[in-house]
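The values are calculated or read from the model by the stated rules, or taken from the named source; none is laboratory data. In this text, all values refer to a predicted model and were calculated from it rather than measured experimentally. Cβ coordinates were reconstructed from backbone atoms using ideal geometry, including for glycine residues, and neighbour counts include every protein chain displayed. The accessibility values were calculated without ligands, DNA or RNA, using every heavy atom of the protein model including side chains. Shrake-Rupley method; radii C 1.70, N 1.55, O 1.52, S 1.80 Å.
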Amino acid sequence: MGKHGGLFLAAHLRMALALARKKLLQEAAYGLQFAHWFVTPFLGILPYIYQARFFSGPGTQGAEAFSRWAGTTEYIAFIAIGACLWDWVTNLLWEVGFSFRDEQEEGSFEQLWLTPAPRWLLALGNAAANSLINLTMALSVLLLVHLFFGLPLSVNWPLLVTVAALSWISMYGLGFVYAGLVMFLRDATHLVDLVNRAVMILAGVTFPLSVLPVWLRGMARVTPLSWVLTSLRSVMISGSTWGDLKLELTVLSVMAVGFPLFGYFVFRIFETLTRKRGALSGY
Amino acid sequence: MSNLQTSQGIVTKDLTRVFRVRSTSGEGAKASRKELVAVDRLNLDIEPGELFGLLGRNGAGKTTTIRMLSTLIEPTSGRASVAGFDVARQPTAVRASIGCVLPGERNHYWKLTARENLRFFAAMYGVDPRREKTRIPEVLEIVSLSDRADERVENYSTGMRQRLALARALLHNPPVLFLDEPTGGLDVHSARSLRSLVKELASLGHTVLLTTHNLQEAQDLCSRVAIIHKGKLVAVDSPDGLRKRSGAADIVEIRCRLPAAGAPHEKAAAAVSDDTRPERSPVPLIRGLLVGCGISVEGAANGGDWTVTSKGPRAASYIPRLTAALFEHGWEMVECAVKQPNLEDIFVEITADEEATADG
Ligand SMILES: Nc1ncnc2c1ncn2[C@@H]1O[C@H](COP(=O)(O)OP(=O)(O)O)[C@@H](O)[C@H]1O
Ligand SMILES: [Mg+2]
């Protein structure tokens, strides 16, 4: 392979772009889905916000009680950001697998697998376009919440981008495990439901982790998604600085290195198992 | 271990694929796992540039063979090399050297146009961007889709999708082509034009492995044919060679009837042979004429018509004798046809041979 040199990298880049472009063309063909990206997620978090407003009672006493748990009086921001980030992070986690599932349902999976492109690139490139869509989605929902409820937006941007990037990489890495499962089991959606619901609790999506019983709090601390969510939220609401997040940044960095390696390793095992079993096709 | 001689074509050595399938036995819902040998120690040696046919009934193991050769699934045992690369050890090199047309029409992106599909796969096959600009119109031209190239594949007919699949397989100009039942599901015209296309590709130097269950197709296209039956290779030969090998060289089908009583023709016939009325079945008559010729005769009645099938070497040469005798006995000929043995006949012949030699 060495003799191809730099051409090799260029070819890989072209493959990744082709995958992303193909995905966007497909999305564009279903025009109506664009509305689905922006409106539905926003509607999805409104019940949480109104429920929180109802529980906090009239006046500001409720917010003060809230701040004793959460360390901030901004309960709308807390919930809106939590729910929106949760959407983003779980999408990241599943989208590598989902994009495989799409190919399987489309019937094009084998054709993709027949190409000489590296397997990891097929997985990543396919998910890259989804990533773009999901990021747009998350940002636009935050913008809508900002417009309707006045989200405070005084953020340390470099820190936010760093935390987001580390989260992205680690969730993608973990996503490879799921992609491998999709390939092997073909349908692994029940797993998605289970994990999503569990994580909704363990990552403290609409409430601070401090309300959880002690044993659940222990589980939350070893849930990768709770680190992602807590770090992002503290940058976006509490205005945390680099110094405040030393521990979180360390944990996220370790995840960003470890999960992709682990994920890819598991993915390859599943790929081999699938080819051994002999059922790459079908769904 | 490395006793597999590689060639630029396709070589397999004891290639085997076993599937573990779940089977529910009659009583109770007890599911057990059973082993199914889909491809059984297959040995093939396909020359570079050859148009080779893999012939077999549904479930014979044709697609499984192609899936192994194209690296989609792993062989259970045995080896194979394609275009000089080992399928197990150099899968990426194999993938870069082959173009595949797999059965089914869902293997395009239906929401994309043909051209967009081709652009996508050109990138995935690492076709040079400058080359791509000329190559896509080229392959579209080859499969005659140039003027429909900017329509979405969802609006295509089955035949067009099949041709697009071929165009995609040609994008990177691979030395080896796998075509798995390329004419399956096509109407007569589309199938014919696809066949001539395949022939053309072989003449350009591509090694083509084509699967089919259609003997005529194999006969028209392939220089050599392998027949596989239940995963086992039963015969490899040129299509003509296979026919010669088959004992059932000709099949003669004669349809005849007795005219209604009193018809002038019957009176004439009765005058010629005034002794007896012809028997109600023509089969004994024809059997009598072919005694000792090694030809089997069977008859079936349908309303007033009889269809008599004589099967055997040079059966066609006895037609004049048979028709004359039938005429003399008052039978009226409706139709007489000579048929080549079909795949089914050759199958029966060859597999019967196999079993006989296995017994002896
Ligand atoms: N993934 C699979 N799992 C289990 N059995 C399979 C699988 N693929 C094929 N088979 C079985 O292997 C045999 C050969 O199938 P196939 O190669 O598709 O035949 P053909 O293409 O000649 O019709 C069949 O009995 C089929 O049911
Ligand atoms: Mg088949």
- Note on the structure: Scanning segment A:180-210 for residues that are under 18 Å from A:S131 (Cβ atoms) and over 14 Å from the mean Cα position of the chain (by Cα) gives A:V182
- Among (1) within 11 Å of another protein chain (Cβ to nearest Cβ); (2) open to solvent by less than 10 Å² (accessible area, probe 1.4 Å), the one test that B:A83 misses: (1)
- Query: Quick one: in segment A:165-179, which of the residues that are open to solvent by 20 Å² or more (accessible area, probe 1.4 Å) and not hydroxyl-bearing (S, T, Y) is nearest to A:E248 (Cα to Cα)?
  - Reply: A:L166
- In the list B:L322, B:L343, which residue meets the criterion of being modelled with pLDDT of 85 or more and open to solvent by less than 70 Å² (accessible area, probe 1.4 Å)? B:L322
- Query: Quick check: anything in segment B:160-169 in the same structural domain as B:A96 (by TED's automatic domain parsing), within 16 Å of ligand 1 (Cβ to nearest atom) and under 19 Å from A:L114 (Cα atoms)?
  - Reply: no
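One line per residue, one yes/no per condition, for (1) more than 13 Å from ligand 2 (Cβ to nearest atom); (2) in a loop (DSSP other than H, G, I, E, B); (3) without any contact (Cβ under 8 Å) to a residue 40 or more places away in the chain:
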position: B:N58; (1), (2), (3): no, yes, no
position: B:T65; (1), (2), (3): no, no, no
position: B:S81; (1), (2), (3): yes, no, no
position: B:A88; (1), (2), (3): yes, yes, yes
position: B:G99; (1), (2), (3): yes, no, no
- Query: Going by the conditions given, is B:L140 surrounded by fewer than 24 Cβ atoms within 10 Å (Cβ to Cβ) and either under 26 Å from A:H12 (Cα atoms) or away from chain A (no Cβ under 12 Å) (or both)?
  - Reply: yes
- Query: Does segment B:147-156 include one or more residues that are among the small types (G, A, S), open to solvent by 40 Å² or more (accessible area, probe 1.4 Å) and more than 13 Å from B:H108 (Cα to Cα)?
  - Reply: no
- Where residues in segment B:99-133 are more than 7 Å from chain A (Cβ to nearest Cβ) and of a type in the set (S, T, N, Q), which of them is surrounded by the most Cβ atoms within 10 Å (Cβ to Cβ)? B:N117
- Selected residue (criterion: farthest from ligand 1 (Cβ to nearest atom)) from residues of segment B:52-71 that are of a type in the set (G, A, S) and touching a Phe, Trp or Tyr at 6+ places or on another chain (Cβ under 9 Å): B:S70
- Residue check for B:G49: modelled with pLDDT under 95, more than 15 Å from ligand 1 (Cβ to nearest atom) and either under 20 Å from A:A117 (Cβ atoms) or open to solvent by 10 Å² or more (accessible area, probe 1.4 Å) (or both): yes
- Message: Cβ-Cβ under 8 Å, sequence separation 6+ or interchain: first residue in segment A:96-113 and at the interface with another protein chain (Cβ under 10 Å from one of its Cβ atoms) and small (G, A, S), partner surrounded by fewer than 20 Cβ atoms within 10 Å (Cβ to Cβ) and outside any helix (DSSP H, G or I). Which pairs?
- Response: A:G107/B:G104; A:G107/B:R106; A:S108/B:R106
- Message: It is to be established whether one or more residues within segment B:165-186 are closer than 23 Å to B:N58 by Cα and over 19 Å from the mean Cα position of the chain (by Cα).
- Response: yes
- Message: Just to be sure I understand the filter: pairs with C-beta atoms under 6 Å, separated by 6 or more residues or on different chains, first member in segment A:230-258 and hydrophobic (A, V, I, L, M, F, W, C), second member modelled with pLDDT under 90 and open to solvent by 40 Å² or more (accessible area, probe 1.4 Å). Which pairs pass?
- Response: A:I237/A:E74
- Exception for A:L212 within (1) free of Cβ contacts under 8 Å to residues at least 12 places away in the same chain; (2) open to solvent by less than 60 Å² (accessible area, probe 1.4 Å); (3) under 19 Å from A:S167 (Cα atoms) falls at (3)
- Answer with yes or no whether B:L209 is within 16 Å of ligand 2 (Cβ to nearest atom) and within 17 Å of the chain's Cα centre (by Cα). yes
